[in-house]
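Remarks on the structure that follows.
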């Protein structure tokens, strides 16, 4: 699969997606939005992909929306932005709800939509030199890219509004303290560490991961009883439909190591 604004590679069961507009700070324009939907749909549709890694090329993760391309639209700016955000949002939704775990490796500055994409991962790893800032209101716009969904859930309402209104710049260490990042890694060890975790997860119970992701994503919108019913249906559904679940339970009872095939 070939792309103009990103690269897509496979390493066994791990797919690696890299934003690839380094000369434009990996900023989001319409072609990138369209390609993100395409690659996210492919990852969601291919059962051989059992973990996805998402990162950026060059020194920046992503500076967010490509304001130059927005401004160039003149009176068509609103329509162009609507189309770009629609594609970005569709991609983020697929990454969030697909079975494969979705790991984000933040290799540099994550600003605006780059911040939003960074915190949407199931797990987030940051290079020591990475920095995080919302930056939207600095450009006179409101947030997009799922950040108003994920950010309050990660840091709470008060800190979310602080980041949105004040455009604080967080270091990687501060982002970890705030709960935005799982691990901070030396710059030259970021991808080796993320790939280590990715391959570990790619050898795990992919269908169970998918059910877990969807349960957590939907949890704050449900009542306790609704959420528990969804938990019951998910775990029982795995016992009915997943070879991995049945084999793992049998292996546990025999004190054997389970082998997962993603089925």
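Since every read-out is calculated from the coordinates, none of them should be taken as a lab result. No experiment lies behind these values; they were computed from the predicted model shown. Here Cβ is always computed from backbone atoms with ideal geometry, including for glycine, and neighbour counts include all displayed protein chains.
Taking the Cα atoms only, what angle lies between the long axis of helix 30-45 and the longest principal axis of the chain, rounded to 10 degrees? Approximately 0 degrees, to the nearest ten. Among beta bridges from DSSP that stay inside the chain, the antiparallel ones total about 25%. Taking a ≥ b ≥ c as the square roots of the eigenvalues of the alpha-carbon gyration tensor, the range 164-263 is classed oblate because a/c is 1.5 or more while a/b is no larger than b/c. Calculated mean residue ellipticity at 222 nm for the chain: -15000 deg cm²/dmol, from DSSP H runs with n ≥ 4 weighted as -39500 (n - 2.57), summed, divided by the residue count and rounded to 500. The computed Rg/Rh (Cα atoms, Kirkwood Rh) for the structure shown corresponds, within [x] 0.97; [y] 0.99; [z] 1.03, to [y]. Inter-label distance, residue 48 to residue 173: 4.4 nm, where each label sits 7 Å from its Cα along the C-beta direction. Give me 224, 165 sorted ascending by neighbouring Cβ count inside 10 Å, so fewest comes first. Ranked by crowding around the Cβ, least crowded first: 224, 165. The Cα center of the range 95-122 and the Cα center of the range 196-252 differ in position by 21 Å.
Placing pseudo-labels 7 Å out from each Cα toward the beta carbon at residue 7 and residue 97 gives an inter-label distance of 3.1 nm.
Spacing of the modelled spin labels on residue 228 and residue 249, each 7 Å from Cα toward Cβ, amounts to 2.0 nm.
Taking 0.36 nm per residue of separation and subtracting the current Cα-Cα distance, fully stretching the chain between residue 142 and residue 165 would add 7.3 nm. By the count of other C-beta atoms within 10 Å, a proxy for reagent exposure, 131, 59, 257, 159 are ordered fewest to most as 257, 59, 159, 131.
Compared with the dominant principal axis of the Cα atoms in the chain, helix 224-241 is inclined by about 60°. Using a/c under 1.5 as the rounded threshold, could you call the range 96-241 rounded, prolate or oblate? The axes a ≥ b ≥ c are square roots of the C-alpha gyration tensor eigenvalues, and prolate needs a/b larger than b/c, oblate otherwise. Taking the square roots of the gyration eigenvalues as a ≥ b ≥ c, the range 96-241 is oblate.
Rounded, prolate or oblate for the range 206-253? Axes are the square roots of the Cα gyration tensor eigenvalues, ordered a ≥ b ≥ c, and the cut-off for rounded is a/c under 1.5. Taking the square roots of the gyration eigenvalues as a ≥ b ≥ c, the range 206-253 is prolate. Rounding to the nearest 10 and keeping the result within 0 to 90°, find how far the Cα-based axis of helix 243-253 lies from the longest principal axis of the chain. On a 0 to 90 degree scale, this one is about 50. Using alpha carbons only, how many angstrom separate the centre of the range 123-140 from the centre of the range 18-61? Cα centroid to Cα centroid, the span is 17 Å. With a cut-off of 16 Å on the backbone N, the residues of the range 93-123 near the modelled label site 7 Å out from residue 219 along Cα-Cβ are 97, 121-123.
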